[in-house]
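One structure below.
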Amino acid sequence: MVDKSEKRDQNLKIGIENTHTRTINVLLIEDNPGDVRLIQEMVGEIQNKLIKLEIYDNLVDGIQTLNQNEFQVILLDLSLPDSYGLETINRMLEITNDLPIIILTETDDQLLAIEAVKSGAQDYLIKGNINSDFLKRSIYYSIERQNIKKELKKSEEKYRKAFLRANFYKDIFAHDMSNILQSIISAVQLCSLHSNISKEQKNLKEASEIIESSINRGAKLISTVRQLSQLEDSNTSIRSIELCILLKKSIMNLKNAYQSRNINIHIDSQRKKVFIQANNLLEDIFENVLINAVRHNQNSTVEIFIKISNQEENGIKYIKMEFIDNGIGIDDSGKEIIFLRGSKEDINLSGMGLGLSLVNKIIESYKGKIWVEDKIKGDYTKGSNFIILIPEVI
């Protein structure tokens, strides 16, 4: 019959081997020759020769080799010529939080060893009270506990990001749906004002169009959020997209939505067809940037110049899109926060922050970039230039 502790040791050993570690490389930092010899003898008694020691008698040299070589465990004496006590463990933890550290201590330093474990060490062994079995188990268990700690940290990070995404999407609905519903309410009120006046049929038709447009925007918003929730998912496909088709569609939607505004849009592109790595969310990017150019523009005529060119950075070929408008512009402090989630610190940015943070998130999923500059350098009041880089399909 197999003893439970032996079975547990076997499972731990299998677990370590399954991480493709045939030999456990152990860094021993100990300045007492007698204690070093004792640890070496214990390692020699361990079956299957799974443990390989590398020995240093001071902390500085130990840390230096740690930066140059791969280890799975650190055996650390707290009383070294160049470091003593908790300072030793703290200095080691500054270098690595990924490796399990086992403290070696004298009998009268047991309380210090416990404090070291509280600080981040995985285990401690009292010199003179250990044998090869204790050493082997401590090494195996420390590696296993460290692996569990890493997995827990990954899980915590995963759920933290999920929580932030949930709040992000909540803000999308709270912000954009509020605007959509307000448009519907305004249209309904307009219908009520003119419901009994036959000569105002044109106004009723316009109100009906506003309602229909707002309902369509609401449906599209729900679809967009569903797609955004999958941005980090492998099921979300990034593929070859012809941007000019979606750009022209977005321009048409913009002019239909703002029929009462005089909007001039000019596209400067040397190619009729331009292919980039993206997906259908590219249409949302174009519409967001174009809508902001109209909404934040006090001129009688909205001028938007769209320039499409090529740019290469760090060996990557991008398509560069510049959306140059004659709007109210964005000052330098606004440029720093405009793509952050929910940024509304400046009155000139009101209503822009959340939408542009969405745009930024989508573009990042394409491995692209977005930023804003002044239309005329040094004078933000003359208008803005939103610049987008997205990898080109070669």
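The numbers here are math on the coordinates, done by the rules we state, and not lab data. Treat the numbers as computed from the prediction; the structure is a model and nothing was measured. Cβ sites come from the backbone with ideal geometry, for glycine too, and all protein chains shown count toward neighbours.
Label-to-label distance, Asn97 versus Lys255, with points set 7 angstrom from Cα along the beta-carbon direction: 5.6 nm. FRET efficiency for the Ser132 to Thr65 pair, using the beta carbon distance and R₀ = 25 Å, is estimated at 0.55. A simple spin-label model places the labels of Asp268 and Ile215 4.3 nm from each other, with each point 7 Å out along Cα-to-Cβ.
Stretched out straight at 0.36 nm per residue, the stretch from Arg165 to Val393 would grow longer than its current Cα-Cα span by 79.1 nm.
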